[in-house]
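The values are calculated or read from the model by the stated rules, or taken from the named source; none is laboratory data. Quick caveat, the model's predicted, so the values are computed rather than measured. All Cβ positions, even for glycine, are placed from backbone atoms using ideal geometry, and neighbour counts span all protein chains on display. Protein only, heavy atoms only, side chains kept; ligands, DNA and RNA dropped before computing areas. Shrake-Rupley method; radii C 1.70, N 1.55, O 1.52, S 1.80 Å.
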Amino acid sequence: MYIIFLGAPGAGKGTQAAGVAEEFGLVSIATGDLFRQAVERGDDLGKKVREFMAKGALVPNEITVQMVLNKLAAPESGKGAILDGFPRNLGQAEALDEAFKKKKQKIDSVVYIKVEEKELIRRLSGRWVCRSCQSPYSIQGALTEEQKKCARCGGELYQRPDDNLETIKNRLKVYFSETAPLISYYRNSGRLIEVDGEGAVGEITQRIIQALRKKTCKNK
Ligand code: AP5
């Protein structure tokens, strides 16, 4: 099973991908995480993508598409994958469809996680992430040094450099102009599942799992 998670920055794609991947035994491929790891390593890829990410702009397709196709060709993706944050524009979506067509495979479903803009800004401004295990936390306001500790592994919590208000606004602008048109692209090809992304995390996970099961039964 190959699934795309589509949604604005802060919609909960990463949070939900973890639970859904576990449920269906899939790997999760998150382009944002792969780019951040490259920046952290300071390798060639990291040097190429750093400026784009800092501005909240999309990394060029010629870098992004090949990186994802390499990940999909790896043995661990053989049983299926969730693509979190890819594709993000029409060029990427068409390149992905073309690559799957060549392999005689298909993207089964595209889960569009829908959240109001005000809530997206609230979530991103209050996001803290563990440096060690990458667990996300949602905490509004300043944290004391003692509170900057991951409840799961004790690692240090930090705020992503692109989670400042100015960059958040630019990421949302880029999302609405370049990524949101993919909603119609996938709806028109009968692959879109629309899920309300507001409410408790566990409830949303169940909404997604139920919707995917229903769609899989329909397609049989
Ligand atoms: P990326 O890392 O993909 O960032 P994004 O799309 O902006 O998505 P986020 O990670 O911000 O949000 P999310 O939807 O995963 O939400 P999360 O679960 O974390 O990309 C970063 C950059 O990399 C891009 O700007 C671009 O430069 C580059 N890039 C990446 N992919 C690319 C591509 N395909 N092409 C070109 N460039 C690319 O949740 C957010 C917060 O909300 C967390 O604090 C979480 O705890 C909280 N939360 C989650 N669910 C709930 C809930 N139900 N209720 C309350 N809080 C919640």
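Miscellaneous remarks
- Only residues that are open to solvent by 30 Å² or more (accessible area, probe 1.4 Å) and either assigned to a helix (DSSP H, G or I) or away from the ligand (no atom under 16 Å from the Cβ) (or both) were counted across segment 197-210, and they come to 6.
- With a requirement of 2 or more residues that are open to solvent by 40 Å² or more (accessible area, probe 1.4 Å) and either within 14 Å of the ligand (Cβ to nearest atom) or on the phi < 0 side of the Ramachandran plot (or both), the strands (runs of 3 or more DSSP E) lying completely within segment 90-187 that satisfy it span 136-138.
- Residue ranges of strands (runs of 3 or more DSSP E) in segment 1-87 with at least 3 members under 18 Å from E194 (Cα atoms): 2-6, 81-84
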